[in-house]
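First up is the structure itself, then whatever we jot down about it.
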Amino acid sequence: MNKNSSNIMALAPTTSNKRETVCIFGTGDFGRALGHKMIQSGYPVVFGSRSTQTSSLIPKDAEVLSHAEAAQKATIIIIAIQREHYNFLTSLAEILHGKVLVDISNNLKLNQYPESNAEYLAQLVPGAKVVKAFNTVSAWALQSGTLDASRQVFVCGDDMEAKQMVMDIVRAVGLTPLDQGSLLAAQEIENYPLQLFPMWKFPILLSLGLVAFFFFYCLIRDIIYPYVYENKDFSFFIAISIPNRICPILALILLALVYLPGVLAAIIQLYRGTKYRRFPDWLDKWMLCRKQLGLVALAFASLHVLFTLVIPIRSFVRWRISSQIVSQVLNNKTEPLNNTNAWLSDSYLALGILGFFLFVLLGITSLPSVSNNVNWREFRFVQSKLGYLTLILCTAHTMVYGGKWFLSPSSYRWYLPSAYMLSLIVPCAVLVVKFVLIFPCLDKPLTRIRQGWERNPQHSE
């Protein structure tokens, strides 16, 4: 009997799982979505509002009270209202004293005010413990269960205990808190949702500049030149032919630009004899956006594949093939198979297929869901070793395609080389320098430098 009693007592819970009440000021979209999510997570929720009338939009298990009454019922108060409406909080300063105020607001533009909204809130209610959180999550993300949106929530605050309480709430609703330090980080956190593709700006602008340059370059060589000297109208090339030249050119150049900063960094480190000096700002920014450059390059490579697939159904191509067939019939002569051209054609296609396959593999491994499941050595092998192999294959694909025209005078229209020749400059330069850097006489000292060795330690910064 005693044994059974002791077992029953061991299975009984020793502590209560009941969570503390949370107050939300504001019944807008985000306040309601957050309240609903918190109720699902086991938190009692009370809303503070100017109107205490319940609505069908309010979660049914939540209570709606005046701001003062709601604040008295909770230790944590989430401020789900805009900054311009914060002034009423000064009249509640005595009630809010010692409570945790969670500022979730955002602004309409970067650095809209001299101080962050959270710091402004701390000035209005000096006795409260202000924490910045939830401003990077949307109401839609909360309503969709955060399955299709970012799960990260940046949190900052001066009071460690208050910040920990808020981070516990973040985890409870299925999100991932990231501690950003003191309340001084609030300005940066508030600016984060307002940034428009910050790491994509350089790759996109560079791509647009290269697209414009090569478009007009191909326009001059392939449309204007034949019209002036041969009176032929090839203006329809603008739809398929010219884009199908520009896309592989940009894919190859941008892929080379992904690996060029690494080569330049190695040269700088060898020259300085140390890794403890900062790279120039332009090189730092370039290295930070290599992933975006690679993804843009993959997009252009994919477009090249799609454009190539439609070539057989083009009217111009079908006309040219039928003209060749008619010409052979009229001349009663069949052109024999040229084994050299057949080898070049098949090699060109095989190199392109292999290069594109590895290109896609690089893109897949750059996805967070994939990169998070591989260790550093595996990630480095794919992005570095296979990356250079991809660059070699794509460069060889281009050279095999038009190598026979390099020394042909007819390929230089108005003394302008074909566009694909220009596309080989950067990748060939990167591969040549990389090949030189793997020589033992350079690779060994570079490895030592990256492991911490310095040529002149007294001059390191």
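The values are calculated or read from the model by the stated rules, or taken from the named source; none is laboratory data. Since this is a predicted model, take the numbers as computed values, not measurements. Heads up, the Cβs are rebuilt from the backbone with ideal geometry, glycines too, and the neighbour counts pull from every protein chain shown. The protein model used for the area step is the full one, side chains on, heavy atoms only, and it has no ligands, DNA or RNA in it. Shrake-Rupley method; radii C 1.70, N 1.55, O 1.52, S 1.80 Å.
Are there helices (runs of 4 or more DSSP H) fully within region 272-377 with at least 2 residues that are assigned by the TED database to the domain that holds residue 240, farther than 30 Å from residue 455 by Cα and open to solvent by less than 80 Å² (accessible area, probe 1.4 Å)? List them.
Working: elements: 281-288, 290-309, 315-331, 339-365, 368-371.
Output list reads 290-309, 315-331, 339-365, 368-371.
For the condition free of Cβ contacts under 8 Å to residues at least 12 places away in the same chain and under 21 Å from the mean Cα position of the chain (by Cα), what is the one hit in 205, 257? Working first, answer last.
Details: 257 fails: free of Cβ contacts under 8 Å to residues at least 12 places away in the same chain.
So the residue among 205, 257 that is free of Cβ contacts under 8 Å to residues at least 12 places away in the same chain and under 21 Å from the mean Cα position of the chain (by Cα) is 205.
Of the conditions (1) basic (Lys, Arg); (2) over 22 Å from the mean Cα position of the chain (by Cα); (3) more than 16 Å from residue 101 (Cβ to Cβ), residue 129 satisfies every one except a single condition; which number is it?
It is condition (3) that residue 129 fails.
Which of the residues spanning region 398-414 are in contact (Cβ under 8 Å) with a residue 60 or more places away in the chain and either hydroxyl-bearing (Ser, Thr, Tyr) or assigned to a helix (DSSP H, G or I) (or both)? Explain how you work it out, then say what you get.
Narrowing region 398-414 to residues in contact (Cβ under 8 Å) with a residue 60 or more places away in the chain: 398, 404, 413-414.
Residues satisfying the conditions are 398, 404.
Yes/no per residue for (1) in the same structural domain as residue 189 (by the TED database); (2) part of a loop (DSSP other than H, G, I, E, B); (3) within 16 Å of residue 183 (Cβ to Cβ):
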site	(1), (2), (3)
87	yes, no, no
91	yes, no, no
94	yes, no, no
101	yes, no, yes
105	yes, yes, yes
112	yes, yes, no
118	yes, no, yes
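What are the pairs, 6+ residues apart or on separate chains, where a residue within region 307-328 that is over 21 Å from residue 352 (Cα atoms) has its Cβ under 8 Å from a residue that is acidic (Asp, Glu)?
Within 8 Å, the pairs are 328/335.
Among the residues of region 72-87, how many are closer than 18 Å to residue 105 by Cβ and either open to solvent by less than 30 Å² (accessible area, probe 1.4 Å) or in contact (Cβ under 8 Å) with a residue 24 or more places away in the chain (or both)?
Let us first name the residues in region 72-87 that are closer than 18 Å to residue 105 by Cβ, namely 76-87.
Narrowing further to those that are either open to solvent by less than 30 Å² (accessible area, probe 1.4 Å) or in contact (Cβ under 8 Å) with a residue 24 or more places away in the chain (or both): 76-81, 83, 86-87.
Counting residues in region 72-87 that are closer than 18 Å to residue 105 by Cβ and either open to solvent by less than 30 Å² (accessible area, probe 1.4 Å) or in contact (Cβ under 8 Å) with a residue 24 or more places away in the chain (or both) gives 9.
Counting only residues that are open to solvent by 80 Å² or more (accessible area, probe 1.4 Å) and in contact with a helix residue (DSSP H, G or I) (Cβ under 8 Å, 6 or more places away or on another chain), how many does region 196-222 have?
Selection size over region 196-222: 2.
Quick one: which of 202, 213 is modelled with pLDDT of 95 or more, under 27 Å from residue 292 (Cβ atoms) and aromatic (Phe, Trp, Tyr)? First the steps, then the outcome.
On the way: 202 fails: modelled with pLDDT of 95 or more.
Matching residue, one of 202, 213: 213.
Look through region 424-458, keep the residues that are touching a Lys or Arg at 6+ places or on another chain (Cβ under 9 Å) and assigned to a helix (DSSP H, G or I), and return whichever of them is least open to solvent (accessible area, probe 1.4 Å).
My answer is 449.
Test of understanding: among 226, 193, which residue is surrounded by fewer than 18 Cβ atoms within 10 Å (Cβ to Cβ), assigned to a helix (DSSP H, G or I) and either at pLDDT below 90 or outside the structural domain of residue 443 (by the TED database) (or both)?
Details: 226 fails: either at pLDDT below 90 or outside the structural domain of residue 443 (by the TED database) (or both).
Just a single option satisfies the conditions, and that option is 193.
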